[in-house]
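Everything on this sheet refers to the single structure shown next.
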Amino acid sequence: EIKYEVDWLQKMQEKETGAIYAGVTVYAKDGDSSSKVAAIYVEPTSLESGKAFAMALAKFSYLYQNYDTEYATGCLKAADRAWKYVELNGKDKIVDSMEFAAATELYRASGQPSYNQYVVQYLREEAYKTNWDDAAMMGCVTYLSTKHAVNRGYCESIMNFLMEKAEEISYIAREAVYFTAGNKEQDNCGQLLFEMMNLSIVNRIISNHEYETVIENHLHYFLGRNEKAGNH
């Protein structure tokens, strides 16, 4: 199923430049979603779509190596082409979280030092501590997981930050009505899922019973043990 999606993603890459089209919008006739398609609009290429594509295809390339080496290698080449497009056309020299995540995946998949330069720049500035989003977390975990040379000091800083986040999430959950990290003012399932990703990563590393309980309570919350349960 994932390969099927990767096949589609590769159709979004411009052959001449390596740029990635940002998406596809389908318009229905007369605004009726049940009617036949009136038009299909391909969104213009963007640097952000290029970074996301490079990250996804590079990650897939090393996960799929044992199933189809030739296809996986092709995915890595496609990721590299998208990355080079971003390099050539990006004006901002500050590495953002998505660029960092893409660089870590490419470095893990290929071991090329050129990617690691971007990773090191981001980690040196500890940008993830002020902008802890999905891309920053995935990039940090990938950096911890790579078999290629890494900076142990940066790894230690990442681990300490992950541990602090886990403790913070666990503490808030202990005091909450539904034993979750959210509250009525912050009823955001997306944020809760992100926090459970964080907690699950740390629990994978240290196997903490308290963290397992917090994760389980969040699962109950998502499945209906919440303030909206009586309305369904």
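Taking the residues in region 48-64 that are open to solvent by 30 Å² or more (accessible area, probe 1.4 Å) and in a helix (DSSP H, G or I) as candidates, determine which candidate is farthest from Val86 (Cα to Cα). It would help to see each step written out before you state the result.
Residues of region 48-64 that are open to solvent by 30 Å² or more (accessible area, probe 1.4 Å), as a first pass: 48, 52, 56, 59, 62-64.
From the residues that got through so far, the ones that are in a helix (DSSP H, G or I) too are 48, 52, 56, 59, 62-63.
Details: Glu48: 8, Ala52: 11, Ala56: 15, Lys59: 18, Tyr62: 21, Leu63: 24 Å.
In this case the residue turns out to be Leu63.
One line per residue, one yes/no per condition, for (1) modelled with pLDDT of 95 or more; (2) more than 23 Å from the chain's Cα centre (by Cα); (3) over 30 Å from Glu105 (Cβ atoms):
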| site | (1), (2), (3) |
| --- | --- |
| Val150 | yes, no, no |
| Ile169 | no, no, no |
| Ala176 | no, yes, yes |
| Lys184 | no, yes, yes |
| Leu193 | no, no, no |
| Ile206 | no, no, no |
| Leu219 | no, no, no |
| Phe222 | no, no, no |
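Does Gln121 meet the test of being more than 16 Å from the chain's Cα centre (by Cα), surrounded by fewer than 19 Cβ atoms within 10 Å (Cβ to Cβ) and more than 21 Å from Glu48 (Cβ to Cβ)? Steps first, answer last, please.
Numbers: more than 16 Å from the chain's Cα centre (by Cα): yes; surrounded by fewer than 19 Cβ atoms within 10 Å (Cβ to Cβ): yes; more than 21 Å from Glu48 (Cβ to Cβ): no.
Criteria not met by Gln121.
Within region 1-26, work out how many residues are surrounded by 12 or more Cβ atoms within 10 Å (Cβ to Cβ) and assigned to a strand (DSSP E or B).
Going residue by residue through region 1-26, those that are surrounded by 12 or more Cβ atoms within 10 Å (Cβ to Cβ) are 3, 6, 9-10, 12-14, 17-24.
Of the ones still in play, those that are also assigned to a strand (DSSP E or B) are 13, 20-24.
Within region 1-26, residues that are surrounded by 12 or more Cβ atoms within 10 Å (Cβ to Cβ) and assigned to a strand (DSSP E or B) number 6.
For region 126-146, which residues satisfy the criterion of being touching a residue at least 12 places away in the same chain (Cβ under 8 Å), over 15 Å from the mean Cα position of the chain (by Cα) and open to solvent by 60 Å² or more (accessible area, probe 1.4 Å)?
Glu126, Lys129
Report yes if Tyr115 is open to solvent by less than 50 Å² (accessible area, probe 1.4 Å) and more than 16 Å from the chain's Cα centre (by Cα), otherwise no.
yes
Tally the residues that are within 16 Å of Ala176 (Cβ to Cβ) and assigned to a helix (DSSP H, G or I), restricting the search to region 194-232.
If we filter region 194-232 for residues that are within 16 Å of Ala176 (Cβ to Cβ), which is where we start, we get 195-196, 199, 210-211, 213-222, 225-229.
Then drop every residue that is not assigned to a helix (DSSP H, G or I), which leaves 195-196, 199, 210-211, 213-222, 229.
Here the count works out to 16.
Under 8 Å between Cβ atoms, at least 6 apart or on separate chains: pull out the pairs that start in region 10-30 with a residue that is touching a residue at least 40 places away in the same chain (Cβ under 8 Å) and end on any residue that is open to solvent by 40 Å² or more (accessible area, probe 1.4 Å) and of a type in the set (D, E, K, R).
Listed by first residue and then by second, the contacts come to Gln13/Arg81; Gly18/Arg81; Gly18/Lys84; Ile20/Glu14.
The values are calculated or read from the model by the stated rules, or taken from the named source; none is laboratory data. Values in this document were obtained by computation on a predicted structure and should not be read as measured data. Heads up, the Cβs are rebuilt from the backbone with ideal geometry, glycines too, and the neighbour counts pull from every protein chain shown. Accessible surface is based on the protein model in full, side chains and every heavy atom, while ligands, DNA and RNA are left aside. Shrake-Rupley method; radii C 1.70, N 1.55, O 1.52, S 1.80 Å.
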